[in-house]
Amino acid sequence: MTLSRRTLIAAGAAASLLPAGIAAQRRGTTAARFSLGYAPHEGSFASRGGLIEQIAFAADQGFTAWEDNEAAARPVADQERMAKALSQRGMTMGVFVASMPKWAKSRPLLGANDDADREGFLTDIRASIAVAKRLNATRMTVVTGFMDPKLPVEIQTARVIDVMRRAGDIVAPHGVAMVMEPLNTRTNHPGVYMQTIAQGYAVARGANSPAVKILADLYHEQIQSGNLIPTLDACWSEIGYLQFGDNPGRNEPMTGEINYAAIVRWLRGRRYAGVIGMEHGNSVAGRAGEDRLIAAYRAIDAA
């Protein structure tokens, strides 16, 4: 996840369009709301205009949430405009990224001997509280940095738990929770510290804070570990947010190997009422791809 993250999840090989629902979407009429809080992002509906126009279009298609990884880097005036547009449409704000790693430098090392990276991380967390308040966001993404190859992983885990507990103490009074995102090392992010939902569970339990939870990005988990529903079930008490994206290709559901219809059924059984970030690209370019995106979510939502 970087400031140019959308370029990292560019569309994969085009799949055949789903016929169901596409004609209705092309009419541009206001559609029934989705039963779960799927959250598009800027770029999901790029043909419809700028950020505010895309939010309006998403609302008209029945989406009830929005996410914006890059929100913290936007000018304050843009953050306020986005929050106003979401409020007017009755949409929930999902995550933004509170602490962005320096990808090219493989930093921070939150488990290292030096305190500097941990203090820098906490500075980012403090600064993000104001962003969360402007956006009416209750969840913000954190990446727990990179592995230090010179230290045992157990020592690093203890230090990551310590810094996350401190960060939780900072944000908890503001009604905000950080969601730690495990990232796959096999395709996208070699060298990161947190690589699985199970590892996130251990850190969250160790931090023991209502403000320290897990972001379960199922694209990353499928690549790294698979076994999605049993993993969600075992770690559910510490999961604070979800993101969808199919594999391979990191595009919309029904373009890869993940059975998102089954996952939606499981989430309904859990009565999940939170946001589900649509953390992926479109498999087909332009408006045809946007129609296909909407149709894919209609299909899994009807499961």
Which numbered condition GLY256 fails, given (1) in contact with a helix residue (DSSP H, G or I) (Cβ under 8 Å, 6 or more places away or on another chain); (2) more than 21 Å from ALA59 (Cα to Cα); (3) buried (at least 20 other Cβ atoms within 10 Å of the Cβ): (1)
Which numbered condition GLY12 fails, given (1) touching a Pro at 6+ places or on another chain (Cβ under 7 Å); (2) modelled with pLDDT of 95 or more: (2)
Residue tally, condition out of contact with any Phe, Trp or Tyr (no Cβ under 6 Å at 6 or more places or on another chain), charged (D, E, K, R), more than 22 Å from ARG165 (Cα to Cα) and assigned to a loop (DSSP other than H, G, I, E, B), over the range 66-114: 4
Pairs with Cβ under 7 Å, 6+ apart, first in the range 111-136 and within 17 Å of VAL203 (Cβ to Cβ), second part of a helix (DSSP H, G or I) and among the small types (Gly, Ala, Ser): LEU122/ALA167; ILE125/ALA167
Criterion: among the small types (Gly, Ala, Ser), surrounded by fewer than 19 Cβ atoms within 10 Å (Cβ to Cβ) and modelled with pLDDT of 95 or more - qualifying residue of GLY269, GLY249: GLY269
Breaking point among (1) surrounded by 20 or more Cβ atoms within 10 Å (Cβ to Cβ); (2) in contact with a Leu (Cβ under 7 Å, 6 or more places away or on another chain); (3) in a helix (DSSP H, G or I), for ARG166: (1)
Only listed residue being closer than 30 Å to TYR38 by Cβ, in contact with a Ser or Thr (Cβ under 6 Å, 6 or more places away or on another chain) and surrounded by 23 or more Cβ atoms within 10 Å (Cβ to Cβ), chosen from MET178, MET140: MET140
Residue, nearest to LEU215 (Cα to Cα), within the range 120-161, restricted to residues that are outside any loop (DSSP other than H, G, I, E, B) and hydroxyl-bearing (Ser, Thr, Tyr): THR141
Test: residue in the range 150-162 that is free of Cβ contacts under 8 Å to residues at least 12 places away in the same chain and within 30 Å of ALA299 (Cβ to Cβ): no
Any hit, the range 101-123, residues being within 30 Å of PRO75 (Cβ to Cβ), touching a helix residue (DSSP H, G or I) at 6+ places or on another chain (Cβ under 7 Å) and surrounded by fewer than 20 Cβ atoms within 10 Å (Cβ to Cβ): yes
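The values are calculated or read from the model by the stated rules, or taken from the named source; none is laboratory data. Please read these numbers as outputs of a predicted model, since none were measured by experiment. We place every Cβ from the backbone using ideal geometry, glycine too, and count neighbours over all the protein chains shown.
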